[in-house]
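S.K.: One structure, as structure tokens, below. Some questions next.
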Amino acid sequence: MKKLLLIIFLTFATGGFSFSQEGNLKLPGDADQPAISLADSNRLLVQNVKAGDLLQVYSIVGVKVVEAKMDSSSKEFILNVPKGYYIVKVSNMVRKIAVK
């Protein structure tokens, strides 16, 4: 137990990882990892993906509500969907978002 606490303390003390502005945990080497975030209530920001990747948004019950092809590595989408929870999939990343 003491070893685990020491490892956690040293990780924080040496800057082993940090939190992004959105509150997501960022590990070393994450700069090139895909990122999905929701700005405002319906603006979906997708970053660090390959052009040509497919963005898919599903309702919580599994119905596909949005599908779009990424034409650049970073793109912003306006989601015209009702309030609720959705699953966003792009590249090898899957995230749950809440549209308010």
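The values are calculated or read from the model by the stated rules, or taken from the named source; none is laboratory data. These figures come from a predicted structure and were not determined experimentally. Every residue, glycine among them, receives a Cβ derived from its backbone with ideal geometry; neighbour counts consider all protein chains shown. The area values use the complete protein model at the heavy-atom level, side chains included, leaving out ligands, DNA and RNA. Shrake-Rupley method; radii C 1.70, N 1.55, O 1.52, S 1.80 Å.
S.K.: For region 3-20, indicate whether the set of residues that are outside any loop (DSSP other than H, G, I, E, B) and modelled with pLDDT of 90 or more is non-empty.
M.R.: Looking for residues that are outside any loop (DSSP other than H, G, I, E, B) and modelled with pLDDT of 90 or more, one finds none in region 3-20, hence no.
S.K.: Looking at region 21-38, which of its residues are at pLDDT 60 or above and surrounded by 11 or more Cβ atoms within 10 Å (Cβ to Cβ)?
M.R.: GLN33, PRO34, ALA35, ILE36, SER37, LEU38
S.K.: Being in contact with a strand residue (DSSP E or B) (Cβ under 8 Å, 6 or more places away or on another chain) and open to solvent by less than 100 Å² (accessible area, probe 1.4 Å) is the filter here, so list the residues in region 87-100 that pass it. Explain how you work it out, then say what you get.
M.R.: Going through region 87-100, the residues in contact with a strand residue (DSSP E or B) (Cβ under 8 Å, 6 or more places away or on another chain) turn out to be 87-90, 93-99.
The answer is ILE87, VAL88, LYS89, VAL90, MET93, VAL94, ILE97, ALA98, VAL99.
S.K.: Go through region 54-91 and give me each residue that's within 17 Å of the chain's Cα centre (by Cα) and of a type in the set (Asp, Glu).
M.R.: GLU67, GLU76
S.K.: Sort out which residues of region 39-53 are open to solvent by less than 50 Å² (accessible area, probe 1.4 Å) and under 10 Å from the mean Cα position of the chain (by Cα), and write them in order of number.
M.R.: LEU44, LEU45, VAL46
S.K.: If we keep just the residues of region 66-86 that are open to solvent by 60 Å² or more (accessible area, probe 1.4 Å) and not in a loop (DSSP other than H, G, I, E, B), which is farthest from VAL46 (Cα to Cα)?
M.R.: It comes out as TYR85.
S.K.: Can you tell me how many residues within region 44-73 are over 16 Å from VAL94 (Cα atoms) and hydroxyl-bearing (Ser, Thr, Tyr)?
M.R.: 2
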